[in-house]
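The values are calculated or read from the model by the stated rules, or taken from the named source; none is laboratory data. On a predicted model such as this, the values are computed, not experimentally measured, just so you know. Cβ atoms come from the backbone with ideal geometry, glycine included; neighbour counts cover every protein chain shown.
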Amino acid sequence: MNYFKKEYSFIPALILIFTLLLLIPILIKIKLLLIAKFIGFFLVLFVPIILNFWLKKSSKKKKILNRIKISVNEKFWLDKHVLFYRQLSKVEQKVFEDRIALFIANIKISNGNDDILEKEEYLIIASSAIIAFWKSDSWSSSDLNEILVINQNSDSLETNINSNLKHGDFFNNTLITNLSILKNEINQNIESPIWQQLI
């Protein structure tokens with residue numbers, strides 16, 4: 001199973017460039033100078049553009065960290081609390097677990113005041129995301145770096161970081177989430193709409 005977004009490969013472009021380079025002396029030898037000049041002009045003009053495009057796309061790729069290990073207790077929690085997971089086949093459940101493990105390992109999840117979240121809270125957020133991305137080949141979005149958990153029903157710091165923050169807001173590669181809403185959605189097997197902006 002490929003968990004990553006479509007990657008931009010430079011190999012086809014490289015093959016084209018070398019093929020055109022090899023054609024130039026052949027064309028000159030058979031006296032097709034105009035075509036040889038055109039190819040040379042094309043290479044001089046477009047190779048830097050192609051290289052720049054590829055380098056920009058490559059620089060945007062995230063370094064994927066190794067997945068964490070999902071424990072037996074965490075699998076039990078998923079089976080008990082995530083209806084979507086419970087309805088999957090054994091093979092699909094393993095895929096779901098792998099995606100959960102990758103998500104938690106690679107996406108920063110915090111509540112704004114450096115408190116360590118409970119394992120259950122990580123699983124709620126990751127499960128919500130995996131359900132939303134389930135039909136795609138990715139376990140997340142390349143645009144997402146962090147999940148900021150807020151509690152809009154309290155006066156805690158995470159509420160007051162920015163009084164305008166609300167569940168579903170997305171800015172600076174950070175998604176704002178409310179745990180209570182996400183937990184309710186996964187308990188009812190509802191796909192959370194907050195992820196649609198990232199799919």
When every residue in region 56-67 that is surrounded by 11 or more Cβ atoms within 10 Å (Cβ to Cβ) and in a helix (DSSP H, G or I) is compared, the one modelled with the lowest pLDDT is 58
Of all helices (runs of 4 or more DSSP H) fully inside region 68-153, the set with 1 or more residues that are of a type in the set (Val, Ile, Thr) is 72-81, 90-106, 119-133
